[in-house]
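Participant: Here it is, the structure, as structure tokens.
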Amino acid sequence: MMNTINNPSPVKPTKRRYITLLMIFVTVVICYVDRANLAVASVKIQEEFGITKTEMGYIFSAFAWTYTACQIPGGWFLDRVGSKLTYFIAIFGWSVATLLQGFASGLASLIGLRAITGLFEAPAFPVNNRVVTSWFPEQDKDYGAVSLLEY
């Protein structure tokens, strides 16, 4: 295990990386809220559009279908264009898709918009991992005096 006292980083860490970490945290919280937001309104949505519980299940799972299918392509895209552009496209895309869900007209539009939300959220966690490993290199991580593997 590397210790930051014995192996200092060549460049002194700045507060900027902690602001970056805070922004990643906020983004992760928004992602999780965005995944669950429809569950809060599901009863009213079912009433308004005459949607059955089974159809509501399709709406809920539409996110997971595209989120899962787009994880690897999202990582590939990240590798090709970089973190900044990928994150911008992802956040902008899922924000617009979430906004448009408020204007949905029925089952098909809700399924489509939830699927689009999943598509754009898929690269978010690969970007988060890339940013954390870039801004917090292994030699700068202090795991404490005792490694978890020593237990």
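Just so you know, all these numbers are worked out from the coordinates, no wet-lab data involved. Quick caveat: nothing in here was measured; it's all calculated off a predicted structure. Every residue, glycine among them, receives a Cβ derived from its backbone with ideal geometry; neighbour counts consider all protein chains shown.
Participant: How large is ³J(HN,Hα), in whole Hz, for each residue of region 16-28 in order, when computed from phi with the Karplus curve 6.51 cos²θ - 1.76 cosθ + 1.60 and θ = phi - 60°, using x for Gly and Pro?
Facilitator: So the Karplus estimates, Gly and Pro as x, are 4, 5, 6, 5, 4, 4, 4, 5, 5, 4, 4, 5, 5 Hz.
Participant: If you don't mind, another one. Quote the Stokes-Einstein diffusion coefficient, in whole µm² s⁻¹, for region 16-133, based on the Kirkwood radius over alpha carbon pairs, a temperature of 25 °C and a viscosity of 0.890 mPa s.
Facilitator: Using the Kirkwood radius from Cα pairs, D works out to 165 µm²/s.
Participant: Add +1 for every Lys or Arg and -1 for every Asp or Glu among the other residues with Cβ under 11 Å from the Cβ of S95, and state the total.
Facilitator: -2
Participant: Determine the sum of side-chain charges near S61: Lys and Arg each +1, Asp and Glu each -1, restricted to other residues whose C-beta is under 14 angstrom from that of S61.
Facilitator: +2
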